[in-house]
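Peer 1: Right, I'll just put the structure down here and ask away after.
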Amino acid sequence: MPRKSNATRAGTKQSLPKDARLTLRLDFEDIGRLGPGKVRLLELLDEHGSISAAGRAMDMSYRRAWQLIDELNRTFTDDLVKTQQGGVRGGGAVLTQTGKDILHAYRAIEKKALKAAAAEIAVIARALAKP
């Protein structure tokens, strides 16, 4: 039986060390993957309304950002991002409702996974060597 920490027995919420994080990536065999980089790109695209601005915010070329967005759109049945052609006011990009739903679901999975694994992550973090 796993040993519980005093914090768990006392019923208090455990917190992770500042530099510890749980990284989640979903792999869909033969279709694609969704992980923290693509999710952040989608969030930045939603914030900036532009693939190029989202890419710049991640120190990524427009071409690479566009490739990742294209890959995401091909991974799912419905597009996550819709683009607008440039013109006098320039182009742009927006998250579709499916894109927003996927972002929300991914972040919800992250929160649940972190909550479920917090005690074990704390045990591992306590055993880390000091820098």
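Peer 1: If I filter the range 27-46 down to residues being surrounded by 13 or more Cβ atoms within 10 Å (Cβ to Cβ) and of a type in the set (A, V, I, L, M, F, W, C), which single residue comes out as farthest from the chain's Cα centre (by Cα)?
Peer 2: Leu45
Peer 1: In the range 56-81, what residues are surrounded by fewer than 18 Cβ atoms within 10 Å (Cβ to Cβ), touching a residue at least 40 places away in the same chain (Cβ under 8 Å) and not β-branched (Val, Ile, Thr)?
Peer 2: Once the filter is applied, which keeps residues that are surrounded by fewer than 18 Cβ atoms within 10 Å (Cβ to Cβ), touching a residue at least 40 places away in the same chain (Cβ under 8 Å) and not β-branched (Val, Ile, Thr), the range 56-81 yields only Arg74.
Peer 1: So, in the range 83-113, of the ones that are over 22 Å from Glu29 (Cα atoms) and surrounded by 14 or more Cβ atoms within 10 Å (Cβ to Cβ), which residue ends up nearest to the chain's Cα centre (by Cα)?
Peer 2: The extreme case among them is Lys100.
Peer 1: Filter the range 8-26 down to the residues that are under 16 Å from the mean Cα position of the chain (by Cα) and basic (Lys, Arg), then identify the one that is modelled with the highest pLDDT.
Peer 2: So, considering only residues that are under 16 Å from the mean Cα position of the chain (by Cα) and basic (Lys, Arg), the one modelled with the highest pLDDT is Arg25.
Peer 1: Could you check how many residues of the range 47-72 are in a helix (DSSP H, G or I) and under 16 Å from the mean Cα position of the chain (by Cα)?
Peer 2: Restricting attention to the range 47-72, the residues satisfying the condition of being in a helix (DSSP H, G or I) are 47-48, 51-57, 62-72.
Now restrict to residues that are under 16 Å from the mean Cα position of the chain (by Cα): 47, 54-55, 57, 65, 68-69, 71-72.
Here the count works out to 9.
The values are calculated or read from the model by the stated rules, or taken from the named source; none is laboratory data. The structure displayed is predicted, hence computed values, not measured ones. Glycine also receives a Cβ, built like all others from the backbone with ideal geometry; neighbour counts cover every protein chain displayed.
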